[in-house]
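Student: What follows is a single structure, and I will ask about it in a moment.
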Amino acid sequence: MKIRSAHRTRTVPKTIDGRTHQVDETYTVELPVPPPDRDAQALKAVTGLAVLIVTGAIVWSTVAIGGLLSMAFNPAISYGIACVFDATWIGLMTLEWIARYDSQRASLPRRMGWAALVLSMALIAAHGAVGDFLWIGIAGAAVSLVAKSFWAVVMRTTEARLDPATAQWVAAERSEVDGQRALVAVRRQLERSKAKARDEAEALSSGGSVTEIEWRTPATEGLTEDRIRTEVEQAAERIRTAQSAGSGSARTDPDSGSVKDRVRALYDSGTTDPAAVVEALPDANPETVKRMVRLVRTEGGYA
């Protein structure tokens with residue numbers, strides 16, 4: 001058995017003149033050297049060979065398919081698109097490897113990968129046939145077949161095999177985790193939908209009422225929400241007064257006229273208490289009277 005030396009560091013006490021401190025000490029140990037892992041080395045070599053074969057297949061298919069497409073399209077675009085065909089089956093083969101522990105999920109990328117390979121091989125053979133070199137085209141197509149087949153053998157040889165019971169256990173664990181992930185996505189969608197519904201409801205509720213629109217103008221007497229409400233109520237009051245006058249039930253005392261005018265008349269006569277003003281105008285809306293009291297006091301400078 002082979003031995004190799006290795007340096008280690010440990011903490012030891014060091015005493016000088018009666019004072020002790022912990023210091024680092026370097027020492028050497030002898031460690032056995034494990035034998036080389038020939039399997040791992042072989043797998044690395046095989047993987048490198050597989051990468052080399054796939055690279056050659058990509059180059060050959062790109063040249064062949066790009067040459068075929070360039071007969072009708074721009075060469076730069078044609079050779080760029082030609083890479084797609086082999087890249088497709090390589091990507092599908094990668095997905096097959098990712099799903100290697102789930103045979104049902106791995107079956108779809110496996111079938112689609114072979115279908116993409118057949119399409120790539122057909123185009124390579126067609127390029128040879130167009131140039132009267134059919135056998136060369138077939139040989140070139142076989143390069144892609146060899147590359148994928150080699151990778152398929154490597155994957156089948158190195159993948160972990162699960163017995164039916166273990167495979168079912170793994171599927172149950174994956175199903176539980178997938179359910180949790182799906183629940184998170186569904187909750188995110190529901191929260192987004194709820195937020196959108198709240199925004200739409202707020203927009204509809206605020207946009208459908210004139211009284212909730214705020215008006216702002218630089219002028220002191222600008223149009224505001226209170227002024228709009230006041231003008232509307234005064235107009236309604238004038239209409240009611242006119243209708244009452246037409247039916248002969250109008251009153252000619254100081255109570256006649258708009259609510260604002262009647263409130264101003266009461267203020268001018270010395271009735272300034274809001275409660276007394278409300279009692280003096282029993283036929284008017286109390287809230288309207290209170291609002292007119294505030295407006296008259298503001299405009300007339302009443303204390």
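Student: Hey, among Leu49, Leu95, Leu108, which residue is out of contact with any Pro (no Cβ under 8 Å at 6 or more places or on another chain) and under 30 Å from Arg174 (Cα atoms)?
Tutor: Details: Leu49 fails: under 30 Å from Arg174 (Cα atoms); Leu95 fails: out of contact with any Pro (no Cβ under 8 Å at 6 or more places or on another chain).
Just a single option satisfies the conditions, and that option is Leu108.
Student: Mind counting the residues in the stretch 31-57 that are assigned to a helix (DSSP H, G or I) and either open to solvent by less than 60 Å² (accessible area, probe 1.4 Å) or at positive phi (or both)?
Tutor: Narrowing the stretch 31-57 to residues assigned to a helix (DSSP H, G or I): 38-57.
Within this subset, residues satisfying the condition of being either open to solvent by less than 60 Å² (accessible area, probe 1.4 Å) or at positive phi (or both) are 40, 42, 46-48, 50, 53-54, 56-57.
Residues that pass the stated criteria total 10.
Student: While we're on this one: Answer yes or no as to whether Ser70 is within 30 Å of Ala129 (Cβ to Cβ) and among the hydroxyl-bearing types (Ser, Thr, Tyr). Show your work before the answer.
Tutor: On the way: within 30 Å of Ala129 (Cβ to Cβ): yes; among the hydroxyl-bearing types (Ser, Thr, Tyr): yes.
When the stated conditions are applied, Ser70 passes them.
Student: Follow-up question, since we're still on this one. Restricting to the stretch 77-130, what's the tally of residues that are open to solvent by less than 70 Å² (accessible area, probe 1.4 Å) and either part of a loop (DSSP other than H, G, I, E, B) or of a type in the set (A, V, I, L, M) (or both)?
Tutor: Number of matching residues: 18.
Student: Another question about this same structure. State which residue pairs qualify: first residue surrounded by 15 or more Cβ atoms within 10 Å (Cβ to Cβ) and inside the stretch 247-272, second residue at pLDDT below 80 and charged (D, E, K, R) in any location, beta carbons under 6 Å apart, and separation of 6 or more residues or different chains.
Tutor: That search, which allows pairs on different chains as well, returns Ser258/Glu237; Ser258/Arg238; Val259/Glu237; Arg262/Asp255.
Student: Moving on. Within the stretch 147-181, can you find the residues that are in contact with a helix residue (DSSP H, G or I) (Cβ under 7 Å, 6 or more places away or on another chain) and modelled with pLDDT of 85 or more?
Tutor: Once the filter is applied, which keeps residues that are in contact with a helix residue (DSSP H, G or I) (Cβ under 7 Å, 6 or more places away or on another chain) and modelled with pLDDT of 85 or more, the stretch 147-181 yields Ala147, Lys148, Phe150, Trp151, Val154.
Student: Do any residues in the stretch 40-65 that are farther than 11 Å from Met121 by Cα have Cβ atoms under 8 Å from those of residues that are small (Gly, Ala, Ser) and open to solvent by 40 Å² or more (accessible area, probe 1.4 Å), where the two are at least six apart or on different chains, and which pairs are they?
Tutor: From the stretch 40-65, the pairs are Ile58/Ala87.
Student: Please tell me if Ser144 is in contact with a helix residue (DSSP H, G or I) (Cβ under 9 Å, 6 or more places away or on another chain), over 14 Å from Ile58 (Cα atoms), small (Gly, Ala, Ser) and open to solvent by less than 40 Å² (accessible area, probe 1.4 Å).
Tutor: On the way: in contact with a helix residue (DSSP H, G or I) (Cβ under 9 Å, 6 or more places away or on another chain): yes; over 14 Å from Ile58 (Cα atoms): no; small (Gly, Ala, Ser): yes; open to solvent by less than 40 Å² (accessible area, probe 1.4 Å): yes.
When the stated conditions are applied, Ser144 does not pass them.
Student: Here's a follow-up. Let me spell it out: the conditions are (1) surrounded by 11 or more Cβ atoms within 10 Å (Cβ to Cβ); (2) small (Gly, Ala, Ser); (3) on the phi > 0 side of the Ramachandran plot, and Gly18 meets all of them except one. Which number is the exception?
Tutor: (1)
The values are calculated or read from the model by the stated rules, or taken from the named source; none is laboratory data. Here the structure is a predicted model, which is why all the values come from computation and not from measurement. As a convention, Cβ positions derive from the backbone with ideal geometry for all residues, glycine included, and neighbour counts pool all protein chains shown. For the accessible areas, the whole protein counts, side chains as well, though only heavy atoms, and no ligand, DNA or RNA atoms are used. Shrake-Rupley method; radii C 1.70, N 1.55, O 1.52, S 1.80 Å.
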